[in-house]
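Trainee: Below you'll find the structure I mean.
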Amino acid sequence: MQGKIIKGIAGFYYVDVPARGVYACRAKGKFRNDNIKPLVGDDVSMEITDEKDFEGNIIKILPRKNTLVRPAVANIDQALLIFAVTKPEPNYNLLDRMLIMMREKGLDCIICFNKKDMAVQEQIRRITDIYRESGCRLMFTSAAEKEGIDELMEALASKTTAVAGPSGVGKSSLVNCLQQTVCMETGEISEKVERGRHTTRHSELIAISEDAYIMDTPGFSSLSLFSMTDNAVTKEKLKNFYPEFLPYEGECKFLTCAHIHEPVCGVRRALEENRISKIRYDNYAAFYEELKAGDRRHAVHR
């Protein structure tokens, strides 16, 4: 029998078998001997040891299409990055770091800005202008008003989606709108710092339909979690994660133009003419310098 690991707690792996149920399983000792750890998201073969109590053993981990490190999860099709339109204001630096991390893993990204009901139209227009050419699907929702939920469900259909975003943006409330079987604990916003408490305790796949899963991950608020130097991104490859640069790179004098200080740069000209978002470009330049500094540190310690 085959299923998907949706949760792992205290040595047990909970395997969802469509149309049958969720089985509490142990992993065979051979996985420990081979230094292999089952991950949430793994597709596995299992043997049933107790049909009545839904218990079994994992006997084989099927080939993985990909893995993420933070959080540790396998076989993700796409990422849903949730931020708030307001309260708290979007942290674009963190969002762009997340986009690069997910895209480096080959994942398509949906950017969802929640709390639309608390925003004015100018805020929505500004965000749309920033990410219109980012290559990502952009959505606006309101968990409180149940607005945009049907469109979001359509985007998640037949996919396993990693959900990420900082605390306090209504992420768990939005996840609750997408499913009925698991109610994630929600936290309140600190009025003093407008930062939510971390309320999700572990990575868990949640079935929102027979062939669609979402994974709610622990809340993120620290930029250090997404250091550029922690990923397989180089300063030379960084520009490839900015699709809005591509139409203007043919106007650069040098094929290797990094779009930082070089003369005759089509990307910087487009920036000056407001054809590229200044927020996106400024983040790019900051990440470039971060990677450059990482290269210098690496060279010193060789």
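The values are calculated or read from the model by the stated rules, or taken from the named source; none is laboratory data. Bear in mind the structure is a predicted one, so any value in this text is a computation, not a measurement. Neighbour counts are summed over all protein chains in view; Cβ atoms, including those assigned to glycine, are modelled from backbone coordinates with ideal geometry. Areas reflect the complete protein model, heavy atoms only, side chains present, ligands, DNA and RNA absent. Shrake-Rupley method; radii C 1.70, N 1.55, O 1.52, S 1.80 Å.
Trainee: When you go through P63, P71 one by one, which is the residue that is touching a residue at least 12 places away in the same chain (Cβ under 8 Å) and either in contact with a Pro (Cβ under 9 Å, 6 or more places away or on another chain) or in a loop (DSSP other than H, G, I, E, B) (or both)?
Mentor: P71
Trainee: Also, quick follow-up: Give the residues of the stretch 18-52 that are within 16 Å of N75 (Cα to Cα), out of contact with any Ser or Thr (no Cβ under 8 Å at 6 or more places or on another chain) and in a strand (DSSP E or B), sorted by residue number.
Mentor: Answer for the stretch 18-52, where residues must be within 16 Å of N75 (Cα to Cα), out of contact with any Ser or Thr (no Cβ under 8 Å at 6 or more places or on another chain) and in a strand (DSSP E or B): D43, V44, S45.
Trainee: Which residues, counting only those in the stretch 33-44, are closer than 26 Å to K159 by Cα and open to solvent by 20 Å² or more (accessible area, probe 1.4 Å)? Show your work before the answer.
Mentor: Keep residues of the stretch 33-44 that are closer than 26 Å to K159 by Cα, which gives 36-44.
Within the stretch 33-44, I36, K37, L39, D43 meet the criteria.
Rundown of residues vs (1) in contact (Cβ under 8 Å) with a residue 60 or more places away in the chain; (2) assigned to a strand (DSSP E or B); (3) crowded, with 19+ Cβ neighbours inside 10 Å, yes/no style:
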{"position": "L94", "(1), (2), (3)": "yes, no, yes"}
{"position": "I100", "(1), (2), (3)": "yes, no, yes"}
{"position": "I110", "(1), (2), (3)": "no, yes, yes"}
{"position": "D117", "(1), (2), (3)": "no, no, no"}
{"position": "D129", "(1), (2), (3)": "yes, no, no"}
{"position": "E133", "(1), (2), (3)": "yes, no, no"}
{"position": "E145", "(1), (2), (3)": "no, no, no"}
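Trainee: In addition: Which residues, counting only those in the stretch 56-82, are within 26 Å of V169 (Cβ to Cβ) and among the charged types (D, E, K, R)?
Mentor: Result: R70, D77.
Trainee: Based on this model, can you work out whether A72 counts as in contact with a strand residue (DSSP E or B) (Cβ under 9 Å, 6 or more places away or on another chain), under 22 Å from L156 (Cα atoms) and either of a type in the set (F, W, Y) or surrounded by fewer than 16 Cβ atoms within 10 Å (Cβ to Cβ) (or both)? Full working, then the answer.
Mentor: Working: in contact with a strand residue (DSSP E or B) (Cβ under 9 Å, 6 or more places away or on another chain): yes; under 22 Å from L156 (Cα atoms): yes; either of a type in the set (F, W, Y) or surrounded by fewer than 16 Cβ atoms within 10 Å (Cβ to Cβ) (or both): yes.
Judged against the criteria, A72 is a match.
Trainee: Now, a different point. Please specify each residue of the stretch 252-271 satisfying the condition of being loosely packed, with under 14 Cβ neighbours inside 10 Å and touching a Lys or Arg at 6+ places or on another chain (Cβ under 7 Å).
Mentor: Step one: filter the stretch 252-271 for residues loosely packed, with under 14 Cβ neighbours inside 10 Å, giving 253-256, 261, 263-264.
If the condition is that a residue be loosely packed, with under 14 Cβ neighbours inside 10 Å and touching a Lys or Arg at 6+ places or on another chain (Cβ under 7 Å), then P263, V264 are the ones that fit.
Rundown of residues vs (1) of a type in the set (G, A, S); (2) open to solvent by 30 Å² or more (accessible area, probe 1.4 Å); (3) in contact with a strand residue (DSSP E or B) (Cβ under 6 Å, 6 or more places away or on another chain), yes/no style:
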| site | (1), (2), (3) |
| --- | --- |
| G21 | yes, no, no |
| F31 | no, no, no |
| D53 | no, yes, no |
| I58 | no, no, yes |
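Trainee: Could you tell me whether the stretch 193-201 includes any residue that is open to solvent by less than 20 Å² (accessible area, probe 1.4 Å), at pLDDT below 85 and either touching a Lys or Arg at 6+ places or on another chain (Cβ under 6 Å) or closer than 18 Å to A79 by Cβ (or both)?
Mentor: Yes; the residues of the stretch 193-201 include at least one that is open to solvent by less than 20 Å² (accessible area, probe 1.4 Å), at pLDDT below 85 and either touching a Lys or Arg at 6+ places or on another chain (Cβ under 6 Å) or closer than 18 Å to A79 by Cβ (or both).
Trainee: Scan (1) surrounded by fewer than 21 Cβ atoms within 10 Å (Cβ to Cβ); (2) in contact with a Cys (Cβ under 7 Å, 6 or more places away or on another chain); (3) closer than 21 Å to D108 by Cα; (4) not hydrophobic (A, V, I, L, M, F, W, C) for the single condition T141 breaks and write down its number.
Mentor: (1)
Trainee: Still on this structure: Looking at the stretch 272-294, which of the residues that are in a loop (DSSP other than H, G, I, E, B) and not hydroxyl-bearing (S, T, Y) is least open to solvent (accessible area, probe 1.4 Å)? It would help to see each step written out before you state the result.
Mentor: Initially, the stretch 272-294 is screened for residues in a loop (DSSP other than H, G, I, E, B), giving 273-277.
Okay, now just the ones that are also not hydroxyl-bearing (S, T, Y), so 273-276.
Values: E273: 98, N274: 134, R275: 100, I276: 8 Å².
Ranking the candidates gives I276 first.
Trainee: Can I ask one more? Residue under question is G168, and the condition is that it be touching a strand residue (DSSP E or B) at 6+ places or on another chain (Cβ under 8 Å), in a loop (DSSP other than H, G, I, E, B) and at pLDDT below 60; does it hold? Before you say what the answer is, go through the steps one by one.
Mentor: Numbers: touching a strand residue (DSSP E or B) at 6+ places or on another chain (Cβ under 8 Å): yes; in a loop (DSSP other than H, G, I, E, B): yes; at pLDDT below 60: no.
The answer is no for G168.
Trainee: How many residues are open to solvent by 40 Å² or more (accessible area, probe 1.4 Å) and either more than 27 Å from the chain's Cα centre (by Cα) or of a type in the set (D, E) (or both) when one looks only at the stretch 1-19?
Mentor: 2
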